[in-house]
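Asker: Pasting a structure here, questions to come.
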Amino acid sequence: MNGPPRGRVLVVAGSDSGGGAGIQADIKAVMALGAYAATAVTALTAQNTLGVHGVLPVPPDFVRLQIDAVLDDIGADAIKTGMLGSAEVVQAVAAALRGRGPIPLVVDPVMVAKGGARLLDDPAVAALRRDLLPLVTLLTPNVPEAEALTGLLITDHAAARRAAQALLDLGASAVLLKGGHLPGPVVQDILATPAGLEVIESERVETRHTHGTGCTLASAVAAGLAQGMTLSDAVRRGTAYVHAAILAAPGFGAGHGPLGHGVTVDPARLAWMPARA
């Protein structure tokens, strides 16, 4: 990054001791794209590329105290949430953000870790739908998360389009339904807004080093919004950044390894990521 950071992003999420996902990935992505990252930590995890070995939640009141401390002093041009963990934390985050003004909010509904550990229970999912979705600028579920939120089975791109629309109907202002779980040589992410659907395509990379891709993408988009980019441009740059970071993965760990977050994205990269309705 050259020069001072442009755009302030407050990240509300859990810590990943392995550094590949969570707060650590969020900070790396935001800083790599030239913005400034502040944090409110919701949980500590004992985690590596093989899975989550333990979770220590942060009390909801202290999560809110972190949010208030950052917003009252440093401020934020965008906010991103990741692992929230419980209904009480979801409610505390929603309460902290209400009345703060029109700050773009990107919500990654982290429900299941890459290794299979459940990170959001049913009451928390209900609280997310009820309390957080009405505040959302962009919701970024993957296919299993979209299925859990809508109750729909998503087995192909047509079903993904229907699910994206259903999530809009639940109250999100916009939805980026990530298509990485669907088969095919090209990954199709669906950006749904009240104006319609936009499909953003990127080449699939066959690799096990994909730990933290969801966290990284949501934070990359939040950085773009904090910098004044349109939603479509922020999503396109974020997708290009994640693709480049996967290609630059350092190869650490015996399981789902981390990305190479230190990459930079040339605007010319966007040319090979067609967007279509």
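Rule-based calculations on the coordinates, nothing more; no lab input. In this text the structure is predicted, and so the values were computed from the model without any measurement. Glycine gets a Cβ as well: all are built from the backbone with ideal geometry, and neighbour counts include every protein chain shown.
Asker: Relative contact order (percent) for the chain, with alpha-carbon contacts under 8 angstrom and 6 or more residues of separation? Provide the component values of the computation, followed by the final result.
Answerer: Working: 650 pairs, mean separation 53.0, N = 277.
So the answer I get is 19 percent.
Asker: Would you order Y241, Y36 from fewest to most other beta-carbon atoms within 10 Å of each residue's own beta-carbon?
Answerer: Values: Y241 26, Y36 20.
In increasing order of surrounding Cβ atoms, one gets Y36, Y241.
Asker: Now for a separate question. Output the relative contact order of the stretch 119-277, whole-number percent, from Cα pairs under 8 angstrom with separation of 6+ residues.
Answerer: Reported relative contact order: 17 percent.
Asker: Report the dimensions of the chain along its three principal axes from the alpha-carbon atoms, largest first, rounded to Å.
Answerer: For the chain, the Cα extents along the three principal axes come out at 45, 40, 38 Å.
Asker: How much FRET efficiency would the formula 1/(1 + (r/R0)^6) give for L56 and A248, where r is the Cβ-Cβ distance and R0 is 30 Å, rounded to 0.05?
Answerer: That gives a FRET efficiency of 0.45.
Asker: List the residues whose amide H sits under 5 Å from the amide H of V55, counting only those 5 or more places along or on another chain, with H placed 1.01 Å from N in the peptide plane.
Answerer: Amide H neighbours of V55, under 5 Å, 5+ apart: A46.
Asker: Are there any helices in the chain, counted as whole DSSP H runs, that stretch 27 Å or more along their axis by Cα and score at least -0.5 on average by Kyte-Doolittle, and if so which?
Answerer: Values: long enough: none.
Going by DSSP H runs, there are no hits.
Asker: When a footprinting reagent is the concern and you count Cβ atoms within 10 Å, what order do H256, H181 take, fewest first?
Answerer: Neighbour counts put them in this order, fewest first: H181, H256.
Asker: So if R0 is 41 Å, what FRET efficiency would T264 and D122 give, r being the distance between their Cβ atoms, rounded to the nearest 0.05?
Answerer: 0.50
Asker: Quick one: order M111, M31 by neighbouring beta-carbon count within 10 Å, fewest to most.
Answerer: Fewest-to-most Cβ neighbours within 10 Å comes out as M31, M111.
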